[in-house]
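Comments concern the structure below.
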Amino acid sequence: MSEIDVYAAMQTLRAVRRLRPDPVPEPVLRRVLEAATWAPTGGNAQPWRVIVVRDPERKQVLGQLYAERWAAYATHHRGLLANAPDAEKERAERMIAAGDYLAENFGATPVVAVFCFNPERMAITDAKLDRVSVVGGASIYPAVENLLLACRAEGLGCVLTTLLCTCEAEVRELLEIPEPWATAAAVPIGYPVGKGHGPLSRRPVEKLAFNDTWGAPYA
Ligand SMILES: Cc1cc2nc3c(=O)[nH]c(=O)nc-3n(C[C@H](O)[C@H](O)[C@H](O)COP(=O)(O)O)c2cc1C
């Protein structure tokens, strides 16, 4: 097991979309899965499961489904950037190129971790508000994030993807997911083609945190 400071891991946990097909050793995979199990959930209900997809045929089907969704997403994203500054367009093109690589090679990724959840076992305190409900996700995505951080510590590349949620019926049939379980994310995992993790581009604390009331500058 590799040792990495938790801050250093978070600071370099970027989306790694170029992954090698080399297998992930079982003890390593087991450790990142165990890290996922340590995540908090509402009422400790642990209403998530993860399907560790390694079967080549199932991965190929997931890859085909993903590639179709990715192509549509990339076209849409390019359209949104038509009038953006050149630097932003270049950044987006780099991301799209990496996304194209993932889409072409999704099926050859050694592991795809498909996270599922059971909405009937979740404490969704904002379910009845007149806005989109997000609290349920807080009993699922911390587990996903733990897995991502553990992958970072193990030198594995990975990326949280959600495009396959748009074809949940097909994924459900392929992976034999029973109702009412549903899908939250698919995480391709593998050793990176290049150096993998590295510096992030994020807004600073001053832009994201407020002092006591909304909009008050954080001092
Ligand atoms: C909720 C969520 C959904 C995402 N879905 C996808 C996806 O379907 N495909 C993909 O390539 N990346 C996906 N990402 C990765 C983001 O695009 C990525 O984290 C973001 O662009 C920042 O890039 P960086 O982490 O490399 O800095 C997703 C990330 C999140 C948090």
Practice item. Kindly provide the set of residues from the range 4-26 that are among the charged types (D, E, K, R) and without any contact (Cβ under 8 Å) to a residue 60 or more places away in the chain, ordered by number. Key: ASP5, GLU26
**Study point:** Elements of type helices (runs of 4 or more DSSP H) contained in the range 14-119, each with 2 or more residues being within 16 Å of the ligand (Cβ to nearest atom)
**Key:** 56-80, 86-105
Review point. Taking the range 175-215, which residues are of a type in the set (A, V, I, L, M, F, W, C), open to solvent by 70 Å² or more (accessible area, probe 1.4 Å) and in a loop (DSSP other than H, G, I, E, B)?
Key: VAL193, TRP214
Check your understanding: Does the range 65-78 contain any residue that is charged (D, E, K, R), surrounded by 10 or more Cβ atoms within 10 Å (Cβ to Cβ) and in contact with a helix residue (DSSP H, G or I) (Cβ under 6 Å, 6 or more places away or on another chain)?
Key -> yes
Practice item. Test ALA123 against the criterion of being surrounded by fewer than 16 Cβ atoms within 10 Å (Cβ to Cβ) and modelled with pLDDT under 95, and give yes or no. Key: yes
Revision key, fill the gap. The residue that is nearest to the ligand (Cβ to nearest atom), considering only those in the range 186-210 that are touching a Phe, Trp or Tyr at 6+ places or on another chain (Cβ under 7 Å) and over 21 Å from CYS151 (Cα atoms), is VAL205
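The values are calculated or read from the model by the stated rules, or taken from the named source; none is laboratory data. Computed from a predicted model, the values in this text were never measured in an experiment. Quick reminder, even Gly has a Cβ in these numbers, built from the backbone with ideal geometry, and neighbours come from all protein chains shown. Just the protein is used for accessible areas: all its heavy atoms, side chains included, with ligands, DNA and RNA removed. Shrake-Rupley method; radii C 1.70, N 1.55, O 1.52, S 1.80 Å.
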